[in-house]
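Taking it in order: structure first as structure tokens, then the write-up.
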Amino acid sequence: MNKIRYFSLLFILLSSFITLQSLHANSTTEASITTETMAQDNAIQQFVRGDFAQRRSLLNAWPASIEQLDQLAGYVEQDQLYSDSSSQTYILQAEDQLLSYPDLTEVKDWPADLSQVTLVNTLQKALSFAQAKQKLKSDDLAQRLDAIDILENNLAELDVASINQLYLNEKNNKVKARLAQLKARLDYQSSEILEKINAVKVLQASDRPDVLAMVEQELQQPNIHPELKAALVEAKSKIKTRIQASEWTGHVFSGLSTASILLLAALGLAITYGLLGVINMAHGELIMIGAYTTYVVQSLFKSYLSSYVDWYLIAAIPAAFLVSALIGMLIERTVIRPLYGRQLETLLATFGVSLILMQVVRMVFGAQNVEVSNISWLSGGIALTPSLMLPYNRIAIIGFTVAVLLLLIYLLNKTRFGLFVRAVTQNRQMAQAVGIRSGRVDMLAFGLGSGLAGLAGCALAQVGNVGPDLGQNYIIDAFLVVVVGGVGQVWGAVLAALGLGISGTVLEIGMGAVLAKIILLVLVILFIQKRPQGLFAIKGRFVE
């Protein structure tokens, strides 16, 4: 009987063991299947499928490339990342186009349970930190510098030992200096006074506003150590000086870009006023026409050449010149030519033309401003320091103005047409006596000046909205440039535009726009009283 009980118990134990082994095998198989399924997903899909803890761990140890991490960050930042109840990933494109991820095929039947994938602040910081850690491993210098920018905004998440190791391993001097600054900000959190003082001495070389704010905040602390206080005061002075230098550099750059726009607007007046003696009050509206031509070209590209819309500006530049030049030649032929020699009448006539052009634009495009979008390759800027950003569109305007100026100088000094223009400008009667058709030269020169105004409008469209009153904001300043520089003098217009543009921007900083404009006008009046012919007097023999 005991033997029977013994064998029964042994049988039960053996059966239990076999059952447990089977269950373990099944669970292992299921885990293997789950792992294989996750492996088949890329990192972005894994991120969407995971919960908060899984997403955070995924970001802490990102399994894919930096490009895919940047792609995830871009989708989240632009609110493009979506999923349904089955955790299928979707990307919402512009114009309400839904794409299935990762193959990016368009979804015709949108899921009813579609929801946006959003991140709480903790995950947003984890995402930025993950980007920084990935970029620090890059061989690209710019990416490593971008990573340090991110780390500087996440000091609480940093490990001093890891930053020290990065500092020791770094070979590039620029990155090493940035890491030294980052290391000093971490070292300052130490309780040792000597270590704090050494950290402050390193931070003296900084030009970041947040470092200045940190130093100023530390100086407000009570019972601060005398040596540490002295180091903080010295650091504050040096950092503040660097930041102010960056800010003034930015102001000068802004003045240069303003001067470039003024120069483009004034070059046409310098030619027409110097050659014909006509005060063209419609010159501002020719600038406006160039801006609206740019808007029309952009609209045509969006409608018919949408894949090349980023290149519309290449077509808009010659179009703006030609349209404004043709309208200018039409004005010269029909309105100005019968009134040569009578400046008051031409002033009133061109003022009437300006009102007509503004009303025509209002009838065609409406009274509201229209938007000319900035092309993608002119968006953003060059960050020279944390407090100095040079926008690409302003840099492009300065470069464009220099190119136009060089072409104009070549046209006036090295071509037959330029020779005729200079001859008629210096002595019209003598030019006619040697066979120059002054009437034709007048029309072409007026068209050239009007075309240059159109180019100014094209440039202005890249830095602001376009409206019927656009030209009115620049016509007075353009006349000031011509008068100060000297009638018909290109180099005089260049110097006057630089002087008025930079001084106007600098005066606006401390006095405001209205008072700065008043002071600038007073200075111009005083200058004209001393030099009525401007910076450069025109050469020539004038017969009474």
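If we count every other residue with Cβ under 12 angstrom of PRO338's Cβ, Lys/Arg +1 and Asp/Glu -1, where does the sum land?
Working: positive: ARG333, ARG337, ARG342; negative: GLU332, GLU345.
Once all neighbours under 12 Å are counted, the net charge is +1.
List the pairs from LYS414/LYS530; LYS174/LYS236; LYS171/LYS201; LYS137/LYS174 whose alpha-carbon separation is above 25 Å, in the order I gave them.
Table pairs above 25 Å Cα-Cα are LYS414/LYS530.
For a Förster distance of 51 Å, can you work out the FRET efficiency between the beta-carbons of LYS176 and GLN533, rounded to the nearest 0.05?
Details: r = 57 Å, r/R0 = 1.13.
Plugging the Cβ-Cβ distance into 1/(1 + (r/R0)^6) gives 0.35.
Using a Cα-Cα cut-off of under 14 Å, which aspartates and glutamates could be cross-linked to LYS517, ignoring same-chain neighbours fewer than 8 residues away?
ASP477, GLU508
Using a 1.4 Å probe on the protein heavy atoms, what percent of the accessible area of the chain belongs to carbon and sulfur? Mind dumping the intermediate values first?
On the way: 17490 of 29640 Å².
C and S atoms contribute 59 percent here.
If you fit an axis through the alpha-carbon atoms of helix 193-203 and take the longest principal axis of the Cα set of the chain, what angle between them do you get, 0 to 90°, nearest 10?
In the chain, helix 193-203 runs at an angle near 40 degrees to the longest axis.
Could I have the simple spin-label model distance between SER86 and SER503, label points 7 Å from Cα toward Cβ, reported in nm to one decimal?
My value for the distance between the label points is 7.3 nm.
Show me the ranking of peptides 112-120, 423-431 by mean Cβ neighbours inside 10 Å, starting with the highest. Don't jump to the answer; show the numbers that get you there.
Details: 112-120: 12.4, 423-431: 17.8.
Top of the packing list down: 423-431, 112-120.
Can you tell me which of 67-74, 497-504 comes out highest on packing, and rank the rest after it, using the mean Cβ neighbours within 10 Å?
Working: 67-74: 16.2, 497-504: 21.5.
The most tightly packed comes first, giving 497-504, 67-74.
Given the C-alpha centroids of segment 172-225 and segment 245-304, what is the distance between them in whole angstrom?
So the separation of the two Cα centres works out to 46 Å.
List the residues, sorted by chain then number, that are 5 or more residues from GLY486 or on another chain and whose placed amide H is less than 5 Å from its amide H.
LEU535, PHE536
Can you tell me the orientation of helix 141-152 relative to the chain, as the angle in degrees between its alpha-carbon axis and the longest Cα principal axis, to the nearest 10?
70 degrees
What's the center-to-center distance, using Cα atoms, between segment 118-163 and segment 477-515 in Å?
For segment 118-163 versus segment 477-515, the Cα centre distance is 45 Å.
Using 0.36 nm per residue of separation minus the Cα-Cα distance, give me the extension gain between TYR340 and ALA64 in nm, one decimal. Before the final figure, lay out the partial values.
Numbers: separation 276, 0.36 × 276 = 99.36 nm, distance 7.40 nm.
Gain in length upon complete extension: 92.0 nm.
Calculate one ³J(HN,Hα) per residue across segment 224-231 by plugging θ = phi - 60° into the Karplus curve 6.51 cos²θ - 1.76 cosθ + 1.60, and present them in order as whole Hz with x for glycine and proline.
7, 5, x, 5, 5, 5, 4, 5
Would you mind getting me the FRET efficiency between SER100 and TRP377? Use the beta-carbon distance for r and R0 = 35 Å, nearest 0.05. Provide the component values of the computation, followed by the final result.
Values: r = 30 Å, r/R0 = 0.85.
According to the calculation, E is roughly 0.70.
For THR350, what is the net charge nearby, where nearby means another residue's Cβ is under 11 Å from its Cβ and Lys, Arg count +1, Asp, Glu -1? Could the numbers behind the result be given before it?
Details: positive: none; negative: GLU285, GLU332, GLU345.
Here the count lands on -3.
Sort 174-182, 471-479, 379-387 by packing, meaning the average of other beta carbons within 10 Å per residue, with the highest value first. The partial results should precede the final answer.
Working: 174-182: 17.4, 471-479: 20.4, 379-387: 13.8.
In descending order of packing, they fall as 471-479, 174-182, 379-387.
Which aspartates and glutamates have a Cα lying under 18 Å from the Cα of LYS176, excluding residues fewer than 8 positions away in the same chain?
Output for LYS176: ASP139, ASP140, ASP146, ASP149, GLU152, ASP159, ASP187, ASP207.
For HIS225 and SER299, compute 0.36 nm times the residue count separating them, minus their Cα-Cα distance, and round to one decimal in nm.
Full extension from HIS225 to SER299 adds 20.1 nm.
To the nearest 10 degrees, how steeply does helix 513-530 sit against the main Cα axis of the chain, on a 0 to 90 scale?
30 degrees
What does the charge add up to near GLU234, with Lys and Arg as +1, Asp and Glu as -1, over the other residues with Cβ less than 12 Å from its Cβ?
+4
Amide H neighbours of LEU98 under 5 Å, at least 5 residues apart or on other chains, H built in the peptide plane: list them.
GLN93, VAL107
How high is the FRET efficiency between ILE519 and ALA245 when r is their beta carbon distance and R₀ equals 41 Å, given to the nearest 0.05? Please list the in-between numbers first.
On the way: r = 25 Å, r/R0 = 0.60.
Once the sixth-power term is evaluated, E becomes 0.95.
In square angstrom, what is the accessible area per residue of the chain with a 1.4 angstrom probe? Could the numbers behind the result be given before it?
On the way: 29640 Å² over 544 residues.
Ligands and nucleic acids excluded, the result is 54 Å² per residue.
Please list 3J(HN,Hα) in residue order for segment 408-414, calculated via the Karplus relation 6.51 cos²θ - 1.76 cosθ + 1.60 where θ = phi - 60°; whole Hz, with x for glycine and proline.
5, 4, 4, 4, 7, 9, 10
The values are calculated or read from the model by the stated rules, or taken from the named source; none is laboratory data. Model, not experiment: these values are computed from the prediction. Please note: Cβ atoms are built from the backbone with ideal geometry, for glycine as well, and neighbour counts cover all protein chains shown. Note: areas computed on protein heavy atoms with side chains; ligands, DNA, RNA excluded. Shrake-Rupley method; radii C 1.70, N 1.55, O 1.52, S 1.80 Å.
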